[in-house]
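Below is one structure, written out as structure tokens; the observations come after it.
Quick note: the coordinates plus some simple rules give every number you see, no bench work behind them. All figures in this text were calculated on a predicted structure; none of them were measured in a lab. Cβ placement follows ideal geometry from the backbone for every residue including glycine, while neighbour counts extend to all protein chains displayed.
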Amino acid sequence: MSRAFNFCAGPASLPTAVLERAQQELLDWNALGVSVMEISHRSAPFIEVAEAAEHNLRRLLNISQDYAVLFMQGGATAQFSFIPLNLQRGFGRAAYIDSGHWSSQAIEVARKFTDVEVIASTQGQGYSRAPYQEELDLSSKFDYVHYTPNETIGGVEFDYIPDTQGMPLVADFSSSILSSALDVSKFDLIYAGAQKNIGPSGLCLVIVKRALLESTTASGYLPEVFNYRAVDQASSMLNTPPTFAWYLSGLVFEWLLAQGGVTAMEAINAAKAKKLYSYIDQSEFYRNPIEVHHRSKMNIPFTLPDKALETAFLDGANKRNLLNLKGHRSVGGMRASLYNAVPEEAVDALVEYMQQFKQQHI
Ligand SMILES: *Cc1c(COP(=O)(O)O)cnc(C)c1O
């Protein structure tokens with residue numbers, strides 16, 4: 001069996017050790033004679049899986065009991081609606097920072113439910129960086145301030161946590177959660193779809209300050225399963241959750257703890273990203289357009305000197321088992337996603353291939 005190096009932006013690579021363990025346990029989980037997918041979410045063995053996953057996530061990110069951890073469905077996209085519907089504090093407007101594709105999507109969706117003010121945007125700079133703190137217009141009162149710390153498609157990552165002058169800070173961490181140390185106490189709500197850096201799709205994590213939930217008035221039209229307070233009270237089991245995704249995410253959390261936690265991952269991820277960016281910058285062939293201090297460590301887009309070379313580049317990569325390097329259709333070029341589960345050897349193999357390809361095409 002040979003596992004390819006998978007640079008997919010999402011659903012993305014999972015740790016081989018986790019997949020092997022899931023494979024071993026698949027037919028006969030916990031000596032029950034059935035798989036974990038085939039038991040009640042309300043059974044004691046599954047509740048144990050669910051609670052262990054939450055406990056280990058809390059350990060990894062040092063999440064205090066002041067925060068609820070919710071295991072929700074509908075992906076990060078559903079949160080684009082749930083956030084304005086849940087976080088109403090009487091101001092009737094929300095502030096959004098626009099740094100690329102996903103923050104723009106969040107803005108477009110939120111407009112259906114609240115007045116949205118875009119308090120800073122780098123669209124005019126072609127999203128080649130994130131807005132700076134000095135550019136954020138916080139002169140009005142808002143229900144909350146929303147931003148996207150890592151833009152998965154553009155490859156732009158904030159190098160600071162916005163200061164919102166006391167207003168609730170909401171962050172879409174879908175593509176960078178658990179990739180580096182994070183001070184959760186600086187945020188009021190963090191959400192992350194699982195399929196980038198956590199586990200299989202179908203699950204979306206929400207880490208939310210309980211004091212914020214108590215101070216908000218959720219829309220009367222909000223269905224129970226989308227209501228943060230109701231989901232919290234039911235321990236994310238108002239109805240059947242995606243049990244297999246929850247179980248597998250729990251295995252990933254155990255794996256992360258065994259690697260040394262997020263600080264260990266941060267060092268590995270920094271080394272991986274540095275290797276690829278250094279090569280791109282000195283190659284005089286490949287190019288990354290993002291300002292250096294706002295370059296993403298998880299998603300690295302790069303272009304070739306001529307669009308006509310792209311198909312040959314991707315074909316050659318596939319032949320070497322370097323998969324899913326095609327960039328998003330909205331930005332073009334290539335993109336290598338280097339999530340936690342992508343080992344440093346994958347970056348070595350990619351850089352070696354890029355060197356060979358360059359030699360053949362200059
Ligand atoms: C992938 C992604 C989303 C969308 O996630 P879905 O689970 O497909 O809804 C939103 N935000 C960011 C930052 C992402 O990377």
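Relative contact order of the stretch 144-250: what whole-number percent is it, with Cα pairs under 8 angstrom and at least 6 residues apart? Don't jump to the answer; show the numbers that get you there.
Values: 136 pairs, mean separation 20.5, N = 107.
RCO, the stretch 144-250: 19 percent.
Pairwise inverse Cα distances across the chain, averaged and inverted, put the Kirkwood hydrodynamic radius at 21.3 Å. Can you tell me which of 335, 229, 21 moves the most in a GNM of the chain? Springs connect C-alpha atoms under 10 Å apart. Residue with maximal mean-square fluctuation among 335, 229, 21: 21. Result for the chain in a Gaussian network model with C-alpha springs under 10 Å: among 265, 334, 167, the largest mean-square fluctuation is at 167.
Exposure proxy shown here: for 361, 146, 41, the number of other Cβ atoms within 10 Å sets the order, fewest to most, as 361, 41, 146. When each of 339, 286 is scored by the number of other beta-carbon atoms lying within 10 Å, the sequence from fewest to most is 286, 339.
Computed across the stretch 38-178, the Kirkwood radius stands at 16.6 Å (inverse of mean 1/r, all Cα pairs). Helices in the chain, meaning DSSP H runs of at least 4 residues, each add -39500 (n - 2.57). Divided by all residues, the mean residue ellipticity at 222 nm is -11500 deg cm²/dmol.
From largest to smallest, the equivalent ellipsoid semi-axes obtained for the stretch 149-262 from the alpha-carbon gyration tensor read 23, 21, 13 Å. For the residues 159, 306, 348, a GNM of the chain with alpha-carbon springs under 10 Å puts the largest fluctuation on 306. Computed 3J(HN,Hα) for the stretch 7-12, one whole-Hz value per residue from the Karplus formula 6.51 cos²θ - 1.76 cosθ + 1.60 where θ = phi - 60°, is 9, 5, 6, x, x, 10, glycine and proline marked x. Couplings 3J(HN,Hα) for the stretch 294-306, derived from phi with the Karplus relation 6.51 cos²θ - 1.76 cosθ + 1.60 (θ = phi - 60°), are 10, 7, 6, 8, 9, 10, 10, x, 8, 10, 9, x, 9 Hz, where x marks Gly and Pro. A simple spin-label model places pseudo-atoms 7 Å from Cα toward Cβ; at residue 89 and residue 211 they are separated by 1.1 nm. Rounded to the nearest Å, what's the spacing between the alpha carbon centres of the stretch 291-362 and the stretch 21-82? Just the number, please. Taking the Cα centre of each part, the stretch 291-362 and the stretch 21-82 sit 33 Å apart.
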